[in-house]
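Following: one structure in structure tokens, then a few remarks.
The values are calculated or read from the model by the stated rules, or taken from the named source; none is laboratory data. Because the structure is a prediction, the values reported are computed rather than measured. Virtual Cβ from ideal backbone geometry, glycine too; neighbours counted across all protein chains shown. When the accessible area is computed, the model is the full protein with side chains, heavy atoms only, and any ligands, DNA or RNA have been set aside. Shrake-Rupley method; radii C 1.70, N 1.55, O 1.52, S 1.80 Å.
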Amino acid sequence: MFKKFWRDVNKYFNYAYVSAKSELKSEVANSHLSWLWWILDPLLFMLVYTFISSIVFRQKIQYFPIFVFIGLSCWQFFEKTVKQSVKIVSQNNHIVAKVYLPKYILIFVKIMSNGFKMLVSFSLVIIMMLIYRVQLSFNILYIIPLLLTLLVITFAFSTIMLHFGVYVEDLANVVNVLLRLVFYMSGIFYSIKGKLPEPYITILLKCNPVALMIDDMRECMLYCNPPHRKVLLLWFAVGILISILGVSVIYKNENSYVKVS
Amino acid sequence: MMSSEYAIEVDNLKIQYRCLNKVSIRKSLFQLKKSKVEIFEAVKGISFKVKKGQILGIVGKNGSGKSTLLRALAGIFSPDEGTIDIHDHTISLLSIGVGFQKKLTGRENIYLSGLLLGFSEEFINSKMAEIIKFSELGDFIDRPVRTYSSGMYSKLSFSITAILETDIMLIDEVLSVGDAKFKKKSYKKMKQLIQKDDRTVIIVSHSSETLKSLCDSILWLHDGKIKMQGSVEEVLPAYEKFME
């Protein structure tokens, strides 16, 4: 299976790349403010959450707008990709019914287009860090393994969603509610460590990979601390395992996806 | 090598549509008894071989399993039983309304279709001008496909498959695309494509005229089984008689 996966990824990577590029391009062509939305969208949400947290709930966190921005960027990448994966096969029915392609390649397309948007908002984060004169340390290099882990985890959950999304009609509804729950449990506009009592801190940070990654991302970008390396490595391994499982399930069943109606 | 003589070998192929109903969490919560699984067999044990360079026509009434068979050959359906061997040839399925992404432009869709058929970017680039010219789309090629008329849509899809040539071509009822002029042109192009010596072609059509002028042999499917197989002169009259 690994050999087949490797061969297929090589063969179809270019397709995924071109497809993601055209998708982004058409998104730009169809809206009035075009690419500005990629910046405005996270920026406006940041303002909303900053307003709620610092004025309504009176939170005091250093660099709070950047704090929210990092959380939002990671979250939106994860949420959009997983959500879109649920209906990805039926949405691409026109391709799936005409030509063979490994179905997880469709997830690649989404990862690339959402990943690009995440990079755009991360470059905003960097600009804001310059404006706020955030002190940096070498720990900032940890964002590379952190982003990689986020990628693997997102792909892993998306493969599972893709498979069950074909067979279960109302999975999208359930996933929406679940994602909302995870959103509030990921500490995007509050600090899990500062707001919650134990044992919830440990539970949330260890069992919710998104919360863990967002928290670590902030620690190494804003507060010069290293991430939770052991738990992170563990989640990376879990992500790889689920991905392997997901890809093999897709390989086994993908040719009957078309028959489901 | 013996195997190189045949382009396609199909052995005892069976394709079933099974438990195709989607499950809904809501329904399964409130309905304790399982809905029964319905099995519908579209292709019921077919074996045939197609020689390299052969042009095979497939006839049969609606619902006899023709399109299912073509899709299985193209690798879109997996066989439930039996085997399909295409000996690593490249294969493309040409059918009405080939899948385009409606939001994207015609040019981008040419790229994507080409990449999906397994061609390299350079090759697609080198063929791009030819495809655009053949499709007669002109300036529309840089507009989103959703703005196309249905005729333009099928012209584009025909042009892509006709110019990005694969070893094996599966053609599903597309020889009546576009206006009279384009129809003539595509028919001519099709004939030219088909008559290349090493190209293997399978055509599904209801038009006896087309089949008579293009094919070497005919396969007659009836209710998922082969009813008759042989030369054009042999099978077509029998089929026509049966259909009357």
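Here are the numbers:
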{"quantity": "Estimated FRET transfer efficiency (A:L241, A:N93; beta-carbon r; R0 35 Å; 0.05)", "calculated": "0.70"}
{"quantity": "Over 25 Å (Cα to Cα) - which of B:K51/B:K185; A:K21/B:K102; B:K52/B:K189; A:K98/B:K14 fall in this group", "calculated": "B:K51/B:K185"}
{"quantity": "Angstrom value of the Kirkwood radius, inverse mean 1/r, which spans all Cα pairs in the stretch B:156-209", "calculated": "11.6 Å"}
{"quantity": "Overall dimensions of the stretch B:113-169 by Cα: Rg and Dmax, Å", "calculated": "11.4, 32"}
{"quantity": "Accessible area per residue in Å² at 1.4 Å probe, computed on the protein assembly as shown", "calculated": "50 Å²"}
{"quantity": "Shape parameters for the stretch A:166-229, alpha-carbon atoms, Rg then Dmax in Å", "calculated": "14.3, 46"}
{"quantity": "Highest average packing first - B:43-52, A:34-43, Cβ atoms within 10 Å", "calculated": "B:43-52, A:34-43"}
{"quantity": "Highest-fluctuation residue, A:C220, A:C207, A:C74 considered, GNM on chain A with Cα pairs under 10 Å", "calculated": "A:C207"}
{"quantity": "Per-residue average of Cβ from other chains inside 10 Å of A:251-258", "calculated": "3"}
{"quantity": "Distance (nanometres) between label positions extended 7 Å along Cα→Cβ at A:K11 and A:F116", "calculated": "2.5 nm"}
{"quantity": "Cα-based equivalent ellipsoid, the protein assembly as shown: semi-axes from gyration tensor eigenvalues, Å", "calculated": "51, 26, 19"}
{"quantity": "Helix-only CD estimate at 222 nm, as mean residue ellipticity for the protein assembly as shown, using -39500 (n - 2.57) per DSSP H run (n ≥ 4)", "calculated": "-18500 deg cm²/dmol"}
{"quantity": "Alpha carbon centroid spacing (whole Å) that separates the stretch A:176-199 from the stretch A:53-114", "calculated": "18 Å"}
{"quantity": "Signed unit charges on C-beta, dipole axis of the protein assembly as shown, positive-most listed residue A:L101, B:S24, A:F5", "calculated": "B:S24"}
{"quantity": "For A:Y100, solvent-accessible area (1.4 Å; no DNA, RNA or ligand), Å²", "calculated": "50 Å²"}
{"quantity": "Chain pair A, B: total accessible area buried, heavy atoms, 1.4 Å probe, Å²", "calculated": "2900 Å²"}
{"quantity": "Distance from the stretch B:184-244 to the stretch A:217-261 (C-alpha centre basis), Å", "calculated": "50 Å"}
{"quantity": "Linear extension gain, A:S123 paired with A:F138, 0.36 nm per residue minus alpha-carbon span", "calculated": "3.6 nm"}
{"quantity": "10 Å Cβ neighbours from other chains, averaged over peptide A:108-116", "calculated": "0"}
{"quantity": "Those lysines that a straight Cα-Cα span of less than 17 Å connects to A:K230, excepting residues fewer than 8 apart in one chain", "calculated": "A:K206"}
{"quantity": "Solvent-free Debye scattering, log10 I(q)/I(0), computed from the Cα coordinates of the stretch A:212-261 at q = 0.26 Å⁻¹", "calculated": "-0.91"}
{"quantity": "Accessible area of the stretch A:109-215 belonging to carbon and sulfur atoms, whole % at 1.4 Å probe", "calculated": "74 percent"}
{"quantity": "Average partner coverage of A:93-103, which counts Cβ from other chains inside 10 Å", "calculated": "6"}
